[in-house]
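The values are calculated or read from the model by the stated rules, or taken from the named source; none is laboratory data. From a predicted model like this one, the values you see are computed outputs, not experimental measurements. Here the Cβ is made from the backbone with ideal geometry for all residues, glycine too, and neighbour counts use every protein chain on show. Surface areas here come from the heavy atoms of the whole protein model, side chains and all, with no ligands, DNA or RNA. Shrake-Rupley method; radii C 1.70, N 1.55, O 1.52, S 1.80 Å.
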Amino acid sequence: MKIIDEVLLNSVSAQANASPRLRKNYNFHQSLDDKCHRFLNAVEPGTVVPIHRHPTKDESFVILRGKVRVTTHNDDGSIIEDVVLSQESGNYGVDIPKNVWHKLEAIEQNSYIFECKEGQFVPHEEGGILNLDK
C-alpha cells in the first residue's frame, strides 16, 4: 500500500519546484504500458501545460492541495468552461471526456492533483496540442 501523506506531497513538491517544468508526477502505475495511469501531479505557478486533448482517453483530476485552474476550450482556443479546483471553493475535481481541449494552471504553490486516465502512454500525436500560432 502506498500512503498519500504530507511527507510524500512535500517531497514531490520540492522536486516540482526544482524542475525547469515546475511540475512533477509521482506514478502509482508500474509501467507506461499499464491500462490505467494513476498519479499525483505536483504543479507550481508558472508551469506550462498547453491546451491539449487526448483523442481516445477520458481524464479525471481531483484536487488534493492548493488551487488549480482547469479550462476547456473550443478549436480556436476560446474558453468554454473555467473552474478553480480547491478545498475552499468546494470544486474538488473534474472529469474531462476524450477529445476535449483542456488546460491546467497552478494558482498556488505546492498544488497537487490526483490524475487518472487510460494507459498506455502515447506522446501527443499530431493534433494533440492546440497550435494557436496558425
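At 1.4 Å probe size, with the rest of the protein present, what percent of the exposed accessible area of the stretch 1-126 is carbon and sulfur atoms? Spell out each step's value before the answer.
Working: 3710 of 7220 Å².
Carbon plus sulfur share of accessible area: 51 percent.
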With everything on Cα atoms, drop me the angle between helix 6-18 and the longest principal axis of the chain, reported from 0 to 90° to the nearest 10.
50 degrees
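If we count every other residue with Cβ under 9 angstrom of TRP101's Cβ, Lys/Arg +1 and Asp/Glu -1, where does the sum land?
Numbers: positive: ARG53, LYS103; negative: ASP75.
Cβ neighbours under 9 Å give a net charge of +1.
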7 Å from Cα along Cα→Cβ at both VAL83 and GLU6: what's the point-to-point distance in nm?
2.9 nm
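Using a probe radius of 1.4 Å on heavy atoms only, what accessible surface per residue do you get for the stretch 1-129? Whole Å² is fine. Walk me through the intermediate numbers first.
Details: 7340 Å² over 129 residues.
Accessible surface, normalised per residue, equals 57 Å².
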